[in-house]
Amino acid sequence: MLLFKYILLLVLVFSGPIQAKTLQILTMENAPYSFTQDNEVKGIGVELVKEAFKRMNQPVQVSIAPWARAMEQIRSGAVDGLFNVYRTPERELFADYSELLQDETVVLFVRKNSAIAFNGDLAALSQYKFGAIRGYSYGRTYDKAVADGVINKIELLTLTEQSIRMLMMKRIDVAPSGRHVGKYYLHQLGLQASVRELSPPLETVPTYLIFPKKNKADATRLQFNKALQSMRDDGTYEKIYQDFYPLLEENLSKELRN
């Protein structure tokens with residue numbers, strides 16, 4: 001027995017600390033919140049998530065994936081998390097939500113010379129063709145209009161940038177998007193003068209990091225919430241936003257957190 005304890009002690013001493021498993025976290029190409037630059041995943045949301053896990057001493061690998069595929073991997077438990085996610089009843093069946101990560105205002109973009117007008121009622125736009133990311137939620141207002149058949153002419157796409165391009169090609173008439181995501185890509189494509197935002201916005205939607213229910217990650221989720229709150233308390237959350245202001249147009253920077 002003494003020999004066994006001695007051997008066990010040697011194993012513990014010389015094996016060193018056990019490294020935590022690296023969590024696989026997904027998001028989508030959704031600048032300025034998440035995007036790929038120089039083969040590195042960057043963005044406001046990316047830095048918020050990485051910093052929170054860093055405070056937990058939890059290694060993570062953040063990767064970009066098509067939205068529908070990413071959501072399916074959450075459903076199956078193949079990955080550990082997905083962020084920039086809106087809350088929907090369907091998703092609550094297979095995913096657990098963190099506390100609020102960040103808000104996103106959903107708006108509708110149309111061509112500048114389009115006669116389309118909007119009074120806040122999506123039924124007034126039922127004759128037009130929309131471009132939407134496959135498997136993506138644009139908030140309760142839009143999702144309900146689609147579910148009820150009010151919006152039924154939809155071109156399913158992979159990226160917001162794709163939606164903007166198809167808008168200019170007249171393949172679609174309306175492009176729903178997070179306001180700052182859409183404006184970012186308009187700026188990148190040099191199309192600010194060719195596209196306008198309809199008023200009023202659809203709604204402001206909170207976004208989250210979600211964890212697969214299959215993975216039973218409640219402890220990790222609660223630690224993440226605590227780390228995220230500590231970032232708000234000590235100013236790190238604000239600083240991350242400030243660090244990304246140069247990526248945005250001046251007028252966009254002023255309204256980013258309103």
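Data for the structure
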{"item": "Members of region 130-167 found to be assigned to a loop (DSSP other than H, G, I, E, B), over 16 Å from residue 90 (Cβ atoms) and either of a type in the set (Phe, Trp, Tyr) or without any contact (Cβ under 8 Å) to a residue 60 or more places away in the chain (or both), listed by number", "result": "149, 150, 151, 152, 153"}
{"item": "Failed condition for residue 212, given (1) touching a strand residue (DSSP E or B) at 6+ places or on another chain (Cβ under 9 Å); (2) modelled with pLDDT under 95", "result": "(2)"}
{"item": "So residue 255, is it touching a His at 6+ places or on another chain (Cβ under 7 Å), modelled with pLDDT under 95, farther than 26 Å from residue 65 by Cβ and of a type outside the set (A, V, I, L, M)", "result": "no"}
{"item": "Tally, over region 175-218, of residues that are of a type in the set (Val, Ile, Thr) and either farther than 18 Å from residue 143 by Cβ or assigned to a helix (DSSP H, G or I) (or both)", "result": "2"}
{"item": "Only one of 198, 156, 167 that is modelled with pLDDT of 95 or more and crowded, with 20+ Cβ neighbours inside 10 Å", "result": "167"}
{"item": "Single match in 113, 119 (criterion: in contact with a Ser or Thr (Cβ under 9 Å, 6 or more places away or on another chain) and either among the acidic types (Asp, Glu) or over 26 Å from residue 36 (Cα atoms) (or both))", "result": "113"}
{"item": "Any pair with Cβ under 6 angstrom, 6 or more apart, that starts in region 179-201 at a residue that is of a type in the set (D, E, K, R) and ends at one that is not in a strand (DSSP E or B)", "result": "183/252; 196/112"}
{"item": "Contacts under 8 angstrom Cβ, first residue in region 227-246 being within 17 Å of residue 34 (Cβ to Cβ), partner not in a helix (DSSP H, G or I), 6 or more apart", "result": "228/98; 228/99; 228/101; 241/256; 241/257; 244/32; 244/43; 245/256"}
{"item": "Complete set of residues in region 29-53 that are touching a residue at least 60 places away in the same chain (Cβ under 8 Å) and either not acidic (Asp, Glu) or not assigned by TED's automatic domain parsing to the domain that holds residue 229 (or both)", "result": "30, 31, 32, 33, 43, 44, 45, 48, 49, 52, 53"}
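Okay, residues lined up against (1) without any contact (Cβ under 8 Å) to a residue 40 or more places away in the chain; (2) surrounded by fewer than 17 Cβ atoms within 10 Å (Cβ to Cβ); (3) part of a strand (DSSP E or B); (4) not charged (D, E, K, R):
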| site | (1), (2), (3), (4) |
| --- | --- |
| 79 | no, no, no, yes |
| 106 | no, no, yes, yes |
| 109 | no, no, yes, yes |
| 114 | no, yes, no, yes |
| 128 | no, yes, no, yes |
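Rundown of residues vs (1) under 20 Å from residue 114 (Cβ atoms); (2) of a type in the set (Phe, Trp, Tyr), yes/no style:
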| site | (1), (2) |
| --- | --- |
| 163 | yes, no |
| 174 | yes, no |
| 178 | no, no |
| 184 | no, yes |
| 192 | yes, no |
| 201 | yes, no |
| 206 | no, no |
| 210 | no, no |
| 231 | no, no |
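The values are calculated or read from the model by the stated rules, or taken from the named source; none is laboratory data. For clarity, every value in this text was computed on a predicted model and none was experimentally measured. So basically every Cβ, Gly included, is an ideal-geometry build from the backbone, and we count neighbours across all protein chains shown.
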